1. Among the residues of the stretch 33-70, count how many are crowded, with 19+ Cβ neighbours inside 10 Å and among the aromatic types (F, W, Y).
2. Scan the stretch 81-106 residue by residue and report those that are of a type outside the set (A, V, I, L, M, F, W, C), surrounded by fewer than 19 Cβ atoms within 10 Å (Cβ to Cβ) and within 19 Å of Y61 (Cα to Cα).
3. Please indicate, with yes or no, whether at least one residue in the stretch 21-31 is among the hydroxyl-bearing types (S, T, Y) and either more than 14 Å from the chain's Cα centre (by Cα) or assigned by TED's automatic domain parsing to the domain that holds Q116 (or both).
4. Report whether or not S99 is farther than 16 Å from K30 by Cβ and modelled with pLDDT of 95 or more.
5. Condition (residue is touching a residue at least 40 places away in the same chain (Cβ under 8 Å) and of a type in the set (A, V, I, L, M, F, W, C)) applied to the stretch 38-48: is it met by at least one residue?
6. Does the stretch 74-91 include one or more residues that are of a type outside the set (D, E), within 30 Å of Q9 (Cβ to Cβ) and without any contact (Cβ under 8 Å) to a residue 40 or more places away in the chain?
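The values are calculated or read from the model by the stated rules, or taken from the named source; none is laboratory data. Worth saying up front: this structure is predicted, and the values here are computed from it rather than measured. Neighbour counts are summed over all protein chains in view; Cβ atoms, including those assigned to glycine, are modelled from backbone coordinates with ideal geometry.
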Amino acid sequence: MTGNAGEDQRLRDLALLRRAHDRIDREYAKPLNVEELARGVNMSAGHFSRQFKLAYGESVYSYLMTRRIERAMALLRRGDLSVTEVCFAVGCSSLGTFSTRFTELVGVPPSVYRQQPDGIFEAVPSVLAKRVARPIRNREAGPAPRT
């Protein structure tokens, strides 16, 4: 492959990965798996997984769980659903796995998070609040990016 052809393929792959990324953002509550997502963009599961991690810095599963936990955080803050209802509403099928992942990403169990005051970020601009409140996998967190 020539350099130009390789670059063209990389750009095509990035466009396809973006489609899969957007699908995860839209359909996070549905049962999604790597094989199905890869098939949706005409890639093998292995190639798709490697390219996704290269492009976005985290595995497909990790990204999907982050989306689910972000949505769960919003639902828990609303306060009208139980932890179990939130678990199933965001597409998780196991309350234990949901609670473990939530605690790993947010730092507190969902039941504790649900009891925290709503106005915690009231005086913070929404752009900063979103960045600060985004769940991050503790073991995968590297040094903070320089801005």
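1. Adding up the residues that qualify gives 3.
2. Residues satisfying the conditions are S93, S94, G96, T97, S99, T100, T103, E104.
3. For the stretch 21-31, residues among the hydroxyl-bearing types (S, T, Y) and either more than 14 Å from the chain's Cα centre (by Cα) or assigned by TED's automatic domain parsing to the domain that holds Q116 (or both): absent.
4. yes
5. No, every residue in the stretch 38-48 fails to be touching a residue at least 40 places away in the same chain (Cβ under 8 Å) and of a type in the set (A, V, I, L, M, F, W, C).
6. no
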